[in-house]
Amino acid sequence: MGRFASTGTVYLVGAGPGATDLITVRGLRILQSATVVLHDALIAPELLLEAAPDAEVVSVGKRGYCIGSTRQEHINEAMVRYARMGKSVCRLKCGDPCVFGRGGEEAEMLTHFGVPFQIVPGVTSAVGVCAAAGIPLTHRDAGQAVVLVTGHHDPDSRDCTLDWDALARMPGVVFYMAVRHIAKIAARLSDSGMSLDTPAAVIESGTLIRQRVHVSTLSEIGNVAERAAVVGPAVFVVGEVVRFREKLLAIAESRQSTSYASTRRSEEGVSV
């Protein structure tokens, strides 16, 4: 597996958390100019329409626990193969390539094979999804730190090596890929000292029209998620910053109502 001189470049592009207009300007330009697009399963079909008309668009979707997901080895092989053909390859990923997106692994692999690459950052799901749900991940009064964590592994399994005592002391924690383990994660945080009254939220399909937000406390969030039949993609956020959602939404709704009333009065000829 020696090095190979290549004229093609692979761009590891973050498409953002879901909504098509949350991709960066640079990421969109690369998508529009690439000759090959290798995209994740959750990329919006509308965004893929931005690819060049003559581009080869290939789904290499990876979905946790799903039969038929593309193996990472096949994705690696495709990137190297197209690059060695002189193609400009847009490896289009959800969120940010290097935040639980295997961007670091793919960059390491491309370096090993001597394939030129560039990493194009994207809005990571924790930031974009929580913002869209009205939850500021940091706040001077309640959230001076936040940690991003993978919730993919069963907390009771040997594969899970998280330091639960450390996480329980954090003001804010966001778990990716945690839908199957919300109740167990909440229990581990509680057992490690986090208050059962700590606000918690699960956000499904964040930034999209079908977004659903489930807010509760650490003690009840597992039951809430189960009753709501939560499915991925979703993020699970725990911390006092969740309390700001209700306040921010109330302010936003008040301003929208005031704006609507002002508009109506203007239309009816009443001075405002």
With the structure loaded, tell me whether Leu49 is surrounded by fewer than 23 Cβ atoms within 10 Å (Cβ to Cβ), under 30 Å from Gln211 (Cα atoms) and modelled with pLDDT under 95 or whether it fails that test. no
Single condition Ser157 does not satisfy, out of (1) buried (at least 17 other Cβ atoms within 10 Å of the Cβ); (2) within 19 Å of Phe236 (Cβ to Cβ); (3) polar (S, T, N, Q): (1)
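Gly122 - would you say it is part of a loop (DSSP other than H, G, I, E, B) and either under 30 Å from Pro199 (Cα atoms) or among the acidic types (Asp, Glu) (or both)?
Criteria met by Gly122.
Residues are listed down the side, and each one gets a yes or a no for (1) on the phi < 0 side of the Ramachandran plot; (2) at pLDDT 95 or above; (3) surrounded by fewer than 20 Cβ atoms within 10 Å (Cβ to Cβ); (4) not charged (D, E, K, R):
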position: Ala15; (1), (2), (3), (4): yes, yes, no, yes
position: Val25; (1), (2), (3), (4): yes, yes, yes, yes
position: Thr35; (1), (2), (3), (4): yes, yes, yes, yes
position: Cys66; (1), (2), (3), (4): yes, no, yes, yes
position: Ala83; (1), (2), (3), (4): yes, yes, no, yes
position: Glu105; (1), (2), (3), (4): yes, yes, yes, no
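Return a yes/no flag: does the range 128-135 have any residue that is part of a strand (DSSP E or B), among the β-branched types (Val, Ile, Thr) and touching a residue at least 24 places away in the same chain (Cβ under 8 Å). Full working, then the answer.
Kept after step one, since they are part of a strand (DSSP E or B), are these residues of the range 128-135: none.
No, the range 128-135 contains no residue that is part of a strand (DSSP E or B), among the β-branched types (Val, Ile, Thr) and touching a residue at least 24 places away in the same chain (Cβ under 8 Å).
Do you know which of the residues in the range 160-177 that are without any contact (Cβ under 8 Å) to a residue 60 or more places away in the chain and more than 20 Å from Thr138 (Cβ to Cβ) is surrounded by the fewest Cβ atoms within 10 Å (Cβ to Cβ)?
Let us first name the residues in the range 160-177 that are without any contact (Cβ under 8 Å) to a residue 60 or more places away in the chain, namely 160-169.
Now restrict to residues that are more than 20 Å from Thr138 (Cβ to Cβ): 160-165.
Values: Cys160: 17, Thr161: 7, Leu162: 16, Asp163: 9, Trp164: 18, Asp165: 13.
Among those residues, the one meeting the criterion is Thr161.
The rows are residues; the columns are (1) in a strand (DSSP E or B); (2) more than 24 Å from Asp21 (Cα to Cα); (3) not assigned by TED's automatic domain parsing to the domain that holds Thr20.
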residue: His152; (1), (2), (3): no, yes, yes
residue: Thr161; (1), (2), (3): no, yes, yes
residue: Arg188; (1), (2), (3): no, yes, yes
residue: Arg210; (1), (2), (3): no, no, yes
residue: Asn223; (1), (2), (3): no, yes, yes
residue: Phe236; (1), (2), (3): yes, no, yes
Of the numbered conditions (1) in contact (Cβ under 8 Å) with a residue 12 or more places away in the chain; (2) surrounded by fewer than 19 Cβ atoms within 10 Å (Cβ to Cβ); (3) not acidic (Asp, Glu), Thr198 satisfies every one except a single condition; which is it? (2)
Yes or no: Ala166 modelled with pLDDT of 95 or more, closer than 23 Å to Ala229 by Cβ and among the small types (Gly, Ala, Ser)? no
Identify all residues within the range 68-81 that are among the small types (Gly, Ala, Ser) and at pLDDT 95 or above; write none if there are none. Ala78
Mind checking which residues of the range 82-108 are farther than 15 Å from Gly16 by Cα and aliphatic (A, V, I, L, M)? Ala83, Met85, Val89, Ala107
Which members of the range 163-186 meet the condition of being part of a loop (DSSP other than H, G, I, E, B) and within 22 Å of the chain's Cα centre (by Cα)? Met170, Pro171, Met177, Ala178
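The values are calculated or read from the model by the stated rules, or taken from the named source; none is laboratory data. Nothing here was measured: the structure is a model prediction, and the numbers come from that model. Counting neighbours? That spans all protein chains shown, and the Cβs are built from the backbone with ideal geometry, glycine included.
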